[in-house]
Amino acid sequence: MHLGSSRTVASFSYERRDAHKGYTDRFLDMDLSRPSISVKTVPLQIKKIFVGGRGYDLWLLWNAVDAGTQWDDPQNAICIASGPMGGTPAYPGSGKSIVTAISPLTGSVIDSNVGGYFGPYLKFSGFDALRISGKCASDTIVFIDGISRKVDIIEMSGLPDDAYALSSELTDHFCQGKPMDISVVSAGPGAANTRMGCLNFSWYDSARGRVRYKQAGRGGIGTVFADKRIRAVVARWEKVSVKSNNPADLDAVKNVARCHAQEIVALDPKQNEMARIGTTHLVPIMNDFDLLPTKNFQFGSHPAAFLIGREAFEKLFDPGFDGCWKGCTVACAHGVKDFVPFTGAYRGQRVFVDGPEYETIAGCGSNLGIFDPYTILEMNFYCDAYGLDTISVGTALAFVMECFERGLITTDHTGGLDLSFGNRLNALELVHQMASGSGFGAIVGQGVRRMKGIFAKTFGADASLLNDIGMESKGLEFSEYMTKESLAQQGGYGLALKGPQHDEAWLIFLDMVHNFMPTFEQKAEALHWFPMFRTWFGLCGLCKLPWNDIVPEDNKDTPEPAKVMKHVQWYADYYTAVTGNPASPETLITMSERVYNFQRLFNLKMGFGTREHDSLPYRAMGPVTVEEYESRQQRYDDQLTGTHQVDIIGKDTAWKVAVLREKREAQYELLKDAVYKRRGWTSDGIPTVATVKRLGIDFPDVMTLLAAHGVK
Amino acid sequence: MVFIDDKPYAWQADMTLADLLARLPDGDIYAVVKFDGKLISRPFFASTMVPDGARIVPVPMIAGG
Ligand code: SF4
């Protein structure tokens, strides 16, 4: 133990309330500026409307901020919650925490979900949710000790800079000989020096005798954490069992959990083999279908993609039963042991890399023209240790590499770095620079939206080309799927509340490969149901992977195979068994609709959340350049002549690019109309008064907000 | 004999994966299959020969990462 001096600046003892039917009905509220610690009750009406998890976070954050609150204002709050089923060890994927804050990238509310043990330990310590506002004057640790029933705010010096060492040392420091009892939330120097900081949520891997972590990556919540000078939030709790939530019907929980857990054990080895190779199987599949982002989303495949897919990582992963929460039989949280970085502070040392998952492989690999699994591992390791979101880092680096290759920026701007695609050493150098806030990395760390402004205004680059190729929407960098050929997934990204992240809807295969939704109305229906059901997992403290990554053998013979209705029914049964509130597949959707619409209104409150904010860079819709068009010429020519009945004889490629663009942009606008209508929103994308009344979220301040926007 | 999801089907010489799946009532819904443990995607069904004794398991592809 090498930590320096510490001073407890606030301490609070409390009577712990055990979870009852999945809830403690209390939340922990902290203001670091004062500092103050208090325990508050969740009103019954709020519990009914917001359910838990992301719903509770949004309600707590809504009440902490006003329309003018900026991400680095003390009022901005980091809210973390589990959910009523969170912490059940028997049911696969029941350990998620959901985090929200006002984002440094988007300026609006962001949500991110993450594994690790923190959310369940927080709940069993007596709190359904945690809200932290204010700022500290120096490095601070928040320690929530559910066993001793005490919360401390501790100023601490001599802490390691990076999350890799910090989570391990703090586990050691607080565990009293039982490291399994500790979960640490921490960021790192990259979070402090960029806008794309992530949070690492830890758990102790007793089989390997080491601390592991998962990331709440999207939207820069780690940056907010670092800005508050919080170095870590630590939770301490002891044994967890299926009884810990005191479910309404224990036997029913056990039964449904057994069904789902056993099905996964039986079918995963036949299907995607998540327990052996995680999500790395997606790399070759996406590549085969021209969906693997390559060189800043210009192309969807590359002949070298096989070097960074399933076959590479199945040899590199350390075999083991790797769940990020107890008892998850999907067990997809893999890692690589004894990896030796060749750059940075850990150069030459053996480290454990948690990951990579598909998104990191595509973002820090193919999208940068890098097809070397060891470079991807090193970027994965340092991004986590520095507290950087691998998706935003990958997409931001891909953007600067394309800008460099097109001459929009030069070595004069990059500090002499050659940022051609495939330059793995300079890609790593940029990650180190981003973490320290130095050199060109300080600009890259601002994210794609701000880089576009800087490159145009300061470096004189072509603003319209930057807008077309800069892969962000709402200020958030795209996650790693090609959407050019799937209008439904363009909606999945462009209409997502927080920005282009696939956790709301992943419709590419249904739309592009299977053509299950040829009409706008069918696409709009899918862009209603899937975001709603996926939202529901975040309300309940659940991981969505067990829902549709492993499916029943007869699923393809059901009327709606994409929805995996057998599992949806199991989730309804699970919710009923824990909370005692009867639920059906339909009521799960209504629960989500309330929270989903409330989050849309939250965007509106913060100055966003209308049609203009649901826009996409053209690269997400079609070929920006002649080179892109000609790389898939047959496909695009066929669409122009077939679908759009355009005469292309004698026309050059630049003309065809322009006409195709006109058609595709018009289609996206029609899709918006159809989705807004289906969701009960105005043509400007705002929930109508009838919708908010139907959902019971017609709070006085919501009605005032709608009136201010002329919505009746 | 070849096996799809452990069910036996007659094997023919020069048979491709596309030929085999075309004989199934729902063969057109498969986008990815595991072919003797290796992933094969639809764009490669027509160029993949099926040897006698091959084991094929359709892989559901409805979820992203
Ligand atoms: S499915 Fe994977 S990510 Fe989800 S809870 Fe289980 S181990 Fe964690």
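Counting only protein heavy atoms and using a 1.4 Å probe, the accessible area of A:Trp71 comes to about 50 Å². What the Kirkwood sum gives for the protein assembly as shown is a hydrodynamic radius of 26.4 Å, with every pair of different alpha carbons counted. The distance linking the range B:1-62 with the range A:368-441 is 41 Å (Cα centroid to Cα centroid, whole angstrom). Per-residue 3J(HN,Hα) values for the range A:405-415, derived from phi via the Karplus relation 6.51 cos²θ - 1.76 cosθ + 1.60 with θ = phi - 60°, read 5, 8, x, 6, 10, 10, 5, 4, 8, 8, x Hz in sequence order (x marks Gly and Pro). Counting Cβ atoms of other protein chains within 10 Å of each Cβ in B:53-63 and taking the mean gives 6. Working note: Cα atoms of the range A:184-282, range along each principal axis, descending, whole Å: 47, 37, 28.
The fraction of Cα-Cα pairs per 10 angstrom bin, counted from 0 for the range A:487-708, comes to 7, 29, 31, 21, 10, 3, 0 percent, rounded to whole percents.
When the P(r) of the range B:2-59 is calculated, the portion above 12 Å amounts to 62% of the C-alpha pairs. Adding -39500 (n - 2.57) for every DSSP H run of four residues or longer, then dividing by how many residues chain B holds, sets the calculated 222 nm ellipticity at -2000 deg cm²/dmol.
Take the Cα coordinates of the range A:632-690, assign each an equal point scatterer, and use the Debye formula without solvent to give log10 I(q)/I(0) at q = 0.12, 0.14, 0.23 Å⁻¹. Result of the Debye calculation: -0.43, -0.52, -0.84. Working from Cα pairs under 8 Å separated by at least six residues, relative contact order for chain A is 14 percent. The mean number of partner chain beta-carbon atoms within 10 angstrom of a residue's beta-carbon across peptide A:547-560 is 2. Among A:Glu273, A:Glu521, the order of accessible area from largest down is A:Glu521, A:Glu273, computed with a 1.4 Å probe on protein heavy atoms. May I ask you to derive the relative contact order of chain B, considering only C-alpha pairs under 8 Å and at least 6 residues apart, and to give it as an integer percent? Worked out over chain B, it gives 45 percent. Using C-alpha pairs below 8 Å separated by at least 6 residues, the relative contact order for the range A:6-236 is 23 percent.
Only Cα sites of the range A:6-236 enter the Debye sum here, all with the same form factor; the resulting log10 I(q)/I(0) across q = 0.12, 0.14, 0.17, 0.18 1/Å is -0.57, -0.79, -1.25, -1.43, listed in q order.
Can you sort A:Glu662, A:Glu480 by 1.4 Å-probe accessible area, starting with the largest?
A:Glu662, A:Glu480
Each Lys and Arg Cβ is given +1 and each Asp and Glu Cβ -1; about its Cα centre, the protein assembly as shown then shows a dipole of about 2060 debye. For the peptide A:278-286, the mean number of other protein chain Cβ atoms found within 10 angstrom of a residue's Cβ is 4. How many percent of all Cα-Cα pairs in the range A:311-406 sit more than 19 Å apart? Taking all Cα-Cα pairs of the range A:311-406, the fraction more than 19 Å apart is 44 percent.
Shown are A:Ser112, A:Ser148, whose ranking by accessible area with a 1.4 Å probe and every protein chain present, most to least, is A:Ser148, A:Ser112.
The values are calculated or read from the model by the stated rules, or taken from the named source; none is laboratory data. If you're wondering where the values come from, they're calculated on a predicted model, not measured in any experiment. No Cβ is skipped: glycine too gets one built from the backbone with ideal geometry, and neighbour counts run over all protein chains shown. The area values use the complete protein model at the heavy-atom level, side chains included, leaving out ligands, DNA and RNA. Shrake-Rupley method; radii C 1.70, N 1.55, O 1.52, S 1.80 Å.
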